[in-house]
Amino acid sequence: EAGVAQSPRYKIIEKRQSVAFWCNPISGHATLYWYQQILGQGPKLLIQFQNNGVVDDSQLPKDRFSAERLKGVDSTLKIQPAKLEDSAVYLCASSQFSGGNTDTQYFGPGTRLTVL
Amino acid sequence: AQSVTQLDSHVSVSEGTPVLLRCNYSSSYSPSLFWYVQHPNKGLQLLLKYTSAATLVKGINGFEAEFKKSETSFHLTKPSAHMSDAAEYFCVVSDPFNTDKLIFGTGTRLQVFP
């Protein structure tokens, strides 16, 4: 079974530029998550989709970050404009929806963003 | 609010000796607790999870953790470390209002010396 795919793996941009990350979840997984992992910290949930609807985006800085999951499969996360503090690894994860206890999340390898 | 505190940022052990990674949690509700491992340049992987069944939880690769409500702890142990265990380990609690929302600790880096 193929895992969660993310691209690009690395990205370097200047501050105030825009950037987009792409995620392809495991086939059949209804729930998709984007996390931000700053160096030396644990991942922090930015946004959670179930199919193509948003479940939780309470920690997404909506003035500069946006995410979409068209057709309930692939997802993109965009930052516009980027700030220095956005330098981090952006992780995508997916899980099946069981409607019961916490479903196991499967993580992709991440995209390492450096903002100069 | 739910949170976890990982008491050690770095742990070093010799191969073949026991591993202990400490985690305390704070939760107003009966928590669901997890341990994830992150190897360099690889995705996070679930080691084990506690969801109010047995208090001693067995995971993959010989790891286990014990939920102790009286001590609000969920420490991760392994009887004998292997070189391949060197990685970053995260203790995680789920949000009781959105059980799929994971709240991560700051991580413990495990080094294993030959």
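Suppose every K and R has +1 on its Cβ and every D and E has -1 on its Cβ; what is the size of the dipole of the protein assembly as shown about the Cα centre, in Debye to the nearest 20?
For the protein assembly as shown, the charge dipole is close to 400 debye.
Given the options A:Gly53, A:Gln96, A:Pro43, identify the residue whose Cα lies farthest towards the positive end of the charge dipole of segment A:5-97 (+1 on Cβ of Lys, Arg; -1 on Cβ of Asp, Glu).
Ranked along the dipole, the leading option is A:Pro43.
Calculate the FRET efficiency for B:His82 and A:Ala20 from the Cβ-Cβ distance with a Förster distance of 35 Å, rounded to the nearest 0.05.
Efficiency for this residue pair is about 0.35.
Using the eigenvalues of the Cα gyration tensor, what equivalent ellipsoid semi-axes result for the protein assembly as shown when each is taken as the square root of five times the eigenvalue, whole Å, largest first?
That gives 30, 21, 16 Å for the three semi-axes.
Could you give the dipole magnitude of segment A:5-97 about its Cα centre, charging the beta-carbon of Lys and Arg +1 and that of Asp and Glu -1, in debye to the nearest 20?
It works out to roughly 200 debye.
Can you work out the Karplus-derived ³J(HN,Hα) for every residue in segment A:36-53? Use 6.51 cos²θ - 1.76 cosθ + 1.60 with θ = phi - 60°, whole Hz, and x for glycine or proline.
So the Karplus estimates, Gly and Pro as x, are 10, 10, 7, 3, x, 10, x, x, 10, 5, 9, 7, 10, 10, 10, 6, 10, x Hz.
Viscosity 0.692 mPa s, temperature 37 °C: what is the translational diffusion coefficient of segment B:3-113 from Stokes-Einstein with a Kirkwood Rh over Cα pairs, rounded to a whole number of µm²/s?
Estimated diffusion coefficient is 235 µm²/s.
Do any of A:Lys71/B:Lys58; A:Lys15/B:Lys101; B:Lys42/B:Lys101 go past 27 Å between their Cα atoms, and which?
Beyond 27 Å: A:Lys71/B:Lys58; A:Lys15/B:Lys101.
So how far apart, in nm, are the two label points at A:Leu39 and B:Leu7 if each is 7 Å from Cα heading toward Cβ?
Here the modelled spin labels are 2.9 nm apart.
When 1/r is averaged over all different Cα pairs and the result inverted, which Kirkwood radius in Å belongs to chain A?
Its Kirkwood hydrodynamic radius stands at 14.2 Å.
Using θ = phi - 60° and the Karplus form 6.51 cos²θ - 1.76 cosθ + 1.60, what ³J(HN,Hα) does each residue of segment B:44-51 get, whole Hz, x for Gly and Pro?
Values per residue, Gly and Pro as x: 4, 10, 6, 8, 6, 8, 10, 9 Hz.
All of the numbers you see were taken from the coordinates with simple rules; none came from a lab. Being a predicted model, the structure only gives us computed values, none of them experimental. Don't worry about glycine lacking a Cβ; one is built from the backbone with ideal geometry, like all the others, and counts go over all protein chains shown.
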